[in-house]
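**Q** Sharing a structure here in structure tokens format.
The values are calculated or read from the model by the stated rules, or taken from the named source; none is laboratory data. What you see is a predicted model, and the numbers here were worked out from it, not measured in a lab. FYI the Cβ positions are ideal-geometry reconstructions off the backbone, even for glycines, and counts take in every protein chain you see.
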Amino acid sequence: MKKPHSSLYARHRFPAEVISLAVWLYFRFPLSLRMVEEMLAARGIMVSHETVRRWAEKFGREFANRIRRRALRPGDRWHLDEVVITIAGKRHWLWRAVDQDGFVLDVLVQSRRDRKAAKRLLRKLLKKHAMAPRCMITDKLGSYNAARREMGLAIEHRQHKGLNNRVENSHQPTRRRERQMKRFKSARQAQRFLSIHDPISNLFHLRRHQLKAANYRKARRAAFEAWADITSEALAS
């Protein structure tokens, strides 16, 4: 029996299979909108890059929210880091937190790199996940410890550059997308894009190097099945 289409796709000319495929390609891989347009054209699907952009904004947000609602409880060891990004010629800071398994907990684009900015990130994390970590791992930026003390968080805090490779590695997909998009145009655009991009990346974060081939294929199949359920459609073949 064919699965009924979600009302989310009502009044859209293209079928749900095409829309979910376009959104998956755009957020899963470092592709430009025009690249996605061309990849769809190779399958005989004539759609403009502007339509892909609108799909990414509307459907990507909904898919990301659905993924978040399904997400498992995060690990109890959080890695926090901040990296500079240039937006419209001005320096901004991308603050990111991941757990010990490399799943992105949240991102926050801010214009400052100080105690207030670190405190804002911690507040957002605690509100979103309704829990405090057992251990917080950061680099040697003093703002993290100042924010932790001010908030009265009685958690272990390790400050060591070498311990924070996990979150630093999680910045790499953002860097690739930043280059592909020829830099983010505004802090709002960066925040909006990454808040969709990272949950979708989490769904397909399979840790291939840690799994045997059979287990990796099983995990990948489960991720595709979850995506099909979330989008109400399987990816077009």
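**Q** In the range 29-38, which residues are touching a helix residue (DSSP H, G or I) at 6+ places or on another chain (Cβ under 6 Å), in a helix (DSSP H, G or I) and either surrounded by 15 or more Cβ atoms within 10 Å (Cβ to Cβ) or aliphatic (A, V, I, L, M) (or both)?
**A** Leu33, Val36, Glu37
**Q** On the basis of being more than 30 Å from Leu40 (Cα to Cα) and modelled with pLDDT of 90 or more, does Gly162 make the cut?
**A** Details: more than 30 Å from Leu40 (Cα to Cα): yes; modelled with pLDDT of 90 or more: no.
Spelling it out, it is not the case that Gly162 is more than 30 Å from Leu40 (Cα to Cα) and modelled with pLDDT of 90 or more.
**Q** Moving on. Check every one of the strands (runs of 3 or more DSSP E) wholly within the range 82-192 and list those with 1 or more residues that are under 21 Å from His205 (Cβ atoms).
**A** Once the strands (runs of 3 or more DSSP E) in the range 82-192 are filtered for at least 1 residues that are under 21 Å from His205 (Cβ atoms), what remains is 90-99, 104-110, 135-138.
**Q** Hey, could you check the range 203-228 for residues that are in contact with a Lys or Arg (Cβ under 9 Å, 6 or more places away or on another chain) and farther than 12 Å from Trp24 by Cα and say which is surrounded by the fewest Cβ atoms within 10 Å (Cβ to Cβ)?
**A** Looking at the filtered set, the residue picked out is Arg208.
**Q** Quick test of your reading of the structure: Leu121 fulfils all but one of (1) over 19 Å from Ser195 (Cα atoms); (2) buried (at least 16 other Cβ atoms within 10 Å of the Cβ). Name the failing condition by number.
**A** (1)
**Q** Sticking with this structure for a sec: Looking at the range 205-228, is at least one residue assigned to a helix (DSSP H, G or I), closer than 21 Å to Ala22 by Cβ and in contact with a Ser or Thr (Cβ under 9 Å, 6 or more places away or on another chain)? Steps first, please.
**A** Step one: of the range 205-228, the residues assigned to a helix (DSSP H, G or I) are 208-210, 213-228.
Still in the list and also closer than 21 Å to Ala22 by Cβ: 220, 223-228.
Checking which are in contact with a Ser or Thr (Cβ under 9 Å, 6 or more places away or on another chain) leaves us with 227-228.
For the range 205-228, residues assigned to a helix (DSSP H, G or I), closer than 21 Å to Ala22 by Cβ and in contact with a Ser or Thr (Cβ under 9 Å, 6 or more places away or on another chain): present.
**Q** Something else: Whether any residue in the range 33-42 is out of contact with any Pro (no Cβ under 9 Å at 6 or more places or on another chain), touching a residue at least 40 places away in the same chain (Cβ under 8 Å) and outside the structural domain of Met136 (by TED's automatic domain parsing) is what I want to check. Write out each step before concluding.
**A** Residues of the range 33-42 that are out of contact with any Pro (no Cβ under 9 Å at 6 or more places or on another chain), as a first pass: 33-42.
Retained after the next criterion (residues that are touching a residue at least 40 places away in the same chain (Cβ under 8 Å)): none.
No, the conditions are met nowhere in the range 33-42.
**Q** Going through the range 43-57 one residue at a time, which ones are among the aliphatic types (A, V, I, L, M) and either buried (at least 19 other Cβ atoms within 10 Å of the Cβ) or not assigned by TED's automatic domain parsing to the domain that holds Pro15 (or both)?
**A** First, the residues of the range 43-57 that are among the aliphatic types (A, V, I, L, M): 45-47, 52, 56.
Val52, Ala56, listed by residue number.
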